[in-house]
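Scroll down for the structure; my scribbles are underneath it.
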Amino acid sequence: MGKRVGAQRKGRGGSVYRSPGHRYKAGDNGVKYVKTRGDKDKQKARVAKLVHDSGRTAPLAELEYLDGSKTLMIAPEGLRVEQEIEIEGKASIRPGNILPLSAIPEGTPVYNIEGKPGDGGKFVRASGTSATVVSHGLKTVIQLPSGQFKPFHPDCRATIGIIAGGGRREKPFAKAGRKLKVARARGRKYPKVSGVAMNPVNHPHGGGAHQHVGGPSSVSKHAPPGKKVGRISSKKKGKKRK
């Protein structure tokens, strides 16, 4: 009996594949917008400090409100400590301020956009990314970083600006140890050995006189876990014939 393939070991879980959530600054709830009261009065908060979170690519900012409560937000480029953040109401169009999409002019870069009003932010949250407000109407159309145009409810909130940490991918890792620590901080396995480089006893793609798959790389979704490698239940293309 060969050892379990990587996909099977990852499905079973364990310390190697478990994300160290206890180290993440935002906790289980993540970085979300604060649920506002029924009124639309402008709120203000002060940037108490900038925080590094090992579980995400972008830096965080700790906001302190007038009542003493504190929350975390994804920091935009140019944010500084002691800066004042305006939330909803008649907030100005300035990096870091949080407004509903209906109050943001066309052409403004935004990030951390809510998918539904009040869900706390779902779209455009990686470092160096931003979306653009394209048009207003019954729905507010946003161009996402991928280039896709997506309609949102006008009451969905977003933050003005571009997320900080944009040069993250330009810096090379230079050595394997750094890559190992980045992968471990997110519960990923490193290094990752390809199946064709293994022996037949260790992987369905292993063995042979040279490195090759040696058979169909598509497997059924009903296959047992030990054979579920490659393209699982690949989608059928073309017109379905009777």
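For residue 90, the test of being more than 25 Å from the chain's Cα centre (by Cα), surrounded by fewer than 15 Cβ atoms within 10 Å (Cβ to Cβ) and assigned to a loop (DSSP other than H, G, I, E, B) is passed.
Check residue 205 against each of (1) without any contact (Cβ under 8 Å) to a residue 60 or more places away in the chain; (2) surrounded by fewer than 14 Cβ atoms within 10 Å (Cβ to Cβ); (3) farther than 30 Å from residue 107 by Cα and name the one condition it does not meet. Of everything listed in (1) without any contact (Cβ under 8 Å) to a residue 60 or more places away in the chain; (2) surrounded by fewer than 14 Cβ atoms within 10 Å (Cβ to Cβ); (3) farther than 30 Å from residue 107 by Cα, residue 205 misses just condition (2).
Is it the case that the range 221-231 has a residue that's part of a loop (DSSP other than H, G, I, E, B), touching a residue at least 12 places away in the same chain (Cβ under 8 Å) and in contact with a Ser or Thr (Cβ under 6 Å, 6 or more places away or on another chain)? Checking the range 221-231: at least one residue is part of a loop (DSSP other than H, G, I, E, B), touching a residue at least 12 places away in the same chain (Cβ under 8 Å) and in contact with a Ser or Thr (Cβ under 6 Å, 6 or more places away or on another chain).
Scanning the range 122-150 for residues being outside any loop (DSSP other than H, G, I, E, B) and among the aliphatic types (A, V, I, L, M) gives a total of 5. Candidates in the range 128-147 are the residues that are surrounded by 14 or more Cβ atoms within 10 Å (Cβ to Cβ) and touching an Asp or Glu at 6+ places or on another chain (Cβ under 8 Å); of these, the one that is farthest from residue 109 (Cα to Cα) is 136.
When you check residue 124 against the structure, is it of a type in the set (A, V, I, L, M, F, W, C) and assigned by TED's automatic domain parsing to the domain that holds residue 101, yes or no? Criteria met by residue 124.
Applying the selection to the range 42-93, what residues are among the small types (Gly, Ala, Ser) and within 27 Å of residue 169 (Cβ to Cβ)? Give the steps one after another, and end with the answer.
Taking the range 42-93 as the starting set, the residues that turn out to be among the small types (Gly, Ala, Ser) are 45, 48, 54-55, 58, 61, 68-69, 75, 78, 89, 91-92.
Answer for the range 42-93, where residues must be among the small types (Gly, Ala, Ser) and within 27 Å of residue 169 (Cβ to Cβ): 54, 55, 58, 61, 75, 78.
With respect to the conditions (1) under 20 Å from the mean Cα position of the chain (by Cα); (2) of a type in the set (Lys, Arg); (3) exposed (fewer than 15 other Cβ atoms within 10 Å of the Cβ), residue 150 lacks only one, and its number is (3).
Among all residues of the range 200-215, there is none that is over 30 Å from residue 128 (Cβ atoms), outside any loop (DSSP other than H, G, I, E, B) and modelled with pLDDT of 85 or more. Tell me, yes or no, whether the range 188-198 has at least one residue that is outside the structural domain of residue 58 (by TED's automatic domain parsing), exposed (fewer than 14 other Cβ atoms within 10 Å of the Cβ) and more than 28 Å from the chain's Cα centre (by Cα). Yes; the residues of the range 188-198 include at least one that is outside the structural domain of residue 58 (by TED's automatic domain parsing), exposed (fewer than 14 other Cβ atoms within 10 Å of the Cβ) and more than 28 Å from the chain's Cα centre (by Cα).
Need a quick list: strands (runs of 3 or more DSSP E) entirely within the range 1-87 having at least 1 residues that are modelled with pLDDT of 85 or more, under 30 Å from residue 101 (Cβ atoms) and over 25 Å from the mean Cα position of the chain (by Cα). Step through it out loud before you land on a result.
Working: elements: 43-51, 60-65, 70-74, 84-87.
Qualifying strands (runs of 3 or more DSSP E): 43-51, 60-65, 84-87.
Of all residues in the range 70-87, which are touching a residue at least 40 places away in the same chain (Cβ under 8 Å) and surrounded by fewer than 21 Cβ atoms within 10 Å (Cβ to Cβ)? I'd like the intermediate steps shown before the answer.
Here is the first cut: in the range 70-87, the ones touching a residue at least 40 places away in the same chain (Cβ under 8 Å) are 72-79, 84-87.
Those that are touching a residue at least 40 places away in the same chain (Cβ under 8 Å) and surrounded by fewer than 21 Cβ atoms within 10 Å (Cβ to Cβ): 72, 77, 78, 79, 84, 86.
Considering (1) under 30 Å from residue 80 (Cβ atoms); (2) modelled with pLDDT under 90, the lone condition that residue 145 does not fulfil carries the number (2).
The values are calculated or read from the model by the stated rules, or taken from the named source; none is laboratory data. Worth saying up front: this structure is predicted, and the values here are computed from it rather than measured. Glycine gets a Cβ as well: all are built from the backbone with ideal geometry, and neighbour counts include every protein chain shown.
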